[in-house]
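A short worksheet on the structure shown next.
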Amino acid sequence: MNLHFDDVEEAKALFGPHNDHLKAIERNLEVKVHTKGGNVVIEGDELDVELAGTLLRELQRLLKRGYPIYVSDIDLAIRILSGDRSINLEDIFLDAVYISSKKKVVTPKSVMQKEYIDTMRTHDMVIGIGPAGTGKTYLAMAMALSSLMKKEVKRIVLTRPAVEAGEKLGFLPGDLYEKINPYLRPLYDALHDMLDFDQASKLMERGIIEVAPLAFMRGRTLNDSFVILDEAQNTKPEQMKMFLTRMGFGSKVVITGDITQVDLPDGRTSGLIQIQDVLKKIQGIKFVYFSEKDVIRHPLVQDIIKAYEEAEQQDKSTEK
């Protein structure tokens, strides 16, 4: 395949420093890419060559829109287009969620992440289910902060069950805060990744952002709030029902979890697994399912998740 780019400077940005972007394409698609000025020749398997050509044209459109391209974007774009070559990368990479006064943005990195963000915009209750690393909690946090900054809600409530502690909190050293804090640490980490420490601290001191264990939600009604329940696979059915009925007027609720990583004692039903049947017919509630293809971490994480799933399937086959 032969391609030509009229703007040589734009071509240099497209190819990357030291042609790093083209090297990433060669590595991922097993093609050979040769360049001279704005001319590109792609050699290899017909389908891979076609995908490489589509990718370069899509990336050029992103450059023209002012999107800075990095090597990591090449890997993500190939994963997206490999699933559906008709997808417009602009629809995904340019969908910015503004989360602070400094104009920091979070953008989706997969088709499902884009669907997840769109669903949170249009539904009052969203349940995101899938493996770790798919951005379920991170994107929910970004949407919550965006809603707060735009004054769509008055506060954010972040919660998760402290399932490992159960009824044994009293045996742990320290006061109540010190006992529950380790279970809430991932929520603080995501929060501080989006806001500077002082800004986050002031919002929490004023009660505008609240991070608390699920047990603290009992008896409350949360109006004008963006509420996120994380690690929901570790809720018992009665806890899930309690949480769902906390939703007040003007509020949005996002529930996230991985139904393959339930830490409840043997034999206990997960509230997250149960609500898939209980809530499936209610309008206004939307389930979004992620897979290992949506994992946005080191490529090894995606391979590890897939390997475990294959091993579990083999175990089930052996048991039969």
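Pairing residues of region 247-265 that are under 15 Å from LYS286 (Cβ atoms) and of a type in the set (D, E, K, R) with residues that are open to solvent by 40 Å² or more (accessible area, probe 1.4 Å) and part of a loop (DSSP other than H, G, I, E, B), at Cβ distances under 7 Å and at least 6 apart in sequence or on separate chains, gives LYS252/ASP124. Is it the case that ILE282 is open to solvent by 40 Å² or more (accessible area, probe 1.4 Å) and under 30 Å from SER82 (Cβ atoms)? When the stated conditions are applied, ILE282 does not pass them. Scanning region 16-30 for residues being more than 21 Å from ARG85 (Cβ to Cβ) and without any contact (Cβ under 8 Å) to a residue 24 or more places away in the chain gives a total of 4. Here is the figure for region 22-48: residues that are assigned to a helix (DSSP H, G or I) and in contact with an Asp or Glu (Cβ under 7 Å, 6 or more places away or on another chain) total 4.
Only residues that are open to solvent by 80 Å² or more (accessible area, probe 1.4 Å), outside any strand (DSSP E or B) and either closer than 23 Å to SER82 by Cβ or touching a residue at least 24 places away in the same chain (Cβ under 8 Å) (or both) were counted in region 1-15, giving 1. Please tell me if ALA165 is open to solvent by less than 20 Å² (accessible area, probe 1.4 Å) and at pLDDT below 85. Taking the combined requirement at face value, the residue satisfies it.
Residue-level analysis places GLU292 outside the set of residues that are open to solvent by 40 Å² or more (accessible area, probe 1.4 Å) and farther than 27 Å from SER225 by Cβ.
Report, by residue number, each residue of region 210-237 that is closer than 15 Å to ASP263 by Cβ and exposed (fewer than 15 other Cβ atoms within 10 Å of the Cβ). Hits for region 210-237: nothing passes. Assess whether THR137 counts as being within 30 Å of LEU279 (Cβ to Cβ), touching a residue at least 12 places away in the same chain (Cβ under 8 Å) and part of a helix (DSSP H, G or I). Answer is yes for this residue. Can you find, within region 30-50, the residue that is farthest from GLU9 (Cα to Cα) among those that are hydrophobic (A, V, I, L, M, F, W, C) and out of contact with any helix residue (DSSP H, G or I) (no Cβ under 6 Å at 6 or more places or on another chain)? If we take residues in region 30-50 being hydrophobic (A, V, I, L, M, F, W, C) and out of contact with any helix residue (DSSP H, G or I) (no Cβ under 6 Å at 6 or more places or on another chain), then LEU47 is farthest from GLU9 (Cα to Cα).
Scan VAL41, VAL33 and give me the residue that is touching a strand residue (DSSP E or B) at 6+ places or on another chain (Cβ under 6 Å), among the hydrophobic types (A, V, I, L, M, F, W, C), in contact (Cβ under 8 Å) with a residue 12 or more places away in the chain and exposed (fewer than 15 other Cβ atoms within 10 Å of the Cβ).
Step by step, each of VAL41, VAL33 is checked, and only VAL41 is touching a strand residue (DSSP E or B) at 6+ places or on another chain (Cβ under 6 Å), among the hydrophobic types (A, V, I, L, M, F, W, C), in contact (Cβ under 8 Å) with a residue 12 or more places away in the chain and exposed (fewer than 15 other Cβ atoms within 10 Å of the Cβ).
Residue pairs whose Cβ atoms lie under 9 Å apart, separated by 6 or more positions or on different chains, with the first residue in region 109-126 and more than 18 Å from ILE228 (Cβ to Cβ) and open to solvent by less than 50 Å² (accessible area, probe 1.4 Å) and the second assigned to a loop (DSSP other than H, G, I, E, B) and among the acidic types (Asp, Glu), are LYS114/ASP95. So in region 267-278, with the set limited to residues that are part of a loop (DSSP other than H, G, I, E, B) and not charged (D, E, K, R), which one is least open to solvent (accessible area, probe 1.4 Å)? Ranking the qualifying residues of region 267-278, first place goes to SER270. Total residues in region 50-91 satisfying the condition of being touching a residue at least 24 places away in the same chain (Cβ under 8 Å) and in a helix (DSSP H, G or I): the figure is 27.
Run down ASP48, ASP20, ASP84 and say which single residue is crowded, with 17+ Cβ neighbours inside 10 Å and closer than 23 Å to LYS109 by Cβ. None of the other options fit; the residue is ASP48. In the set (1) open to solvent by 50 Å² or more (accessible area, probe 1.4 Å); (2) without any contact (Cβ under 8 Å) to a residue 60 or more places away in the chain; (3) farther than 14 Å from ALA132 by Cα; (4) not basic (Lys, Arg), the condition left unmet by MET240 is number (1).
The values are calculated or read from the model by the stated rules, or taken from the named source; none is laboratory data. Owing to the predicted nature of the structure, the values given are computational and were not obtained by experimental measurement. Heads up, the Cβs are rebuilt from the backbone with ideal geometry, glycines too, and the neighbour counts pull from every protein chain shown. For the accessible areas, the whole protein counts, side chains as well, though only heavy atoms, and no ligand, DNA or RNA atoms are used. Shrake-Rupley method; radii C 1.70, N 1.55, O 1.52, S 1.80 Å.
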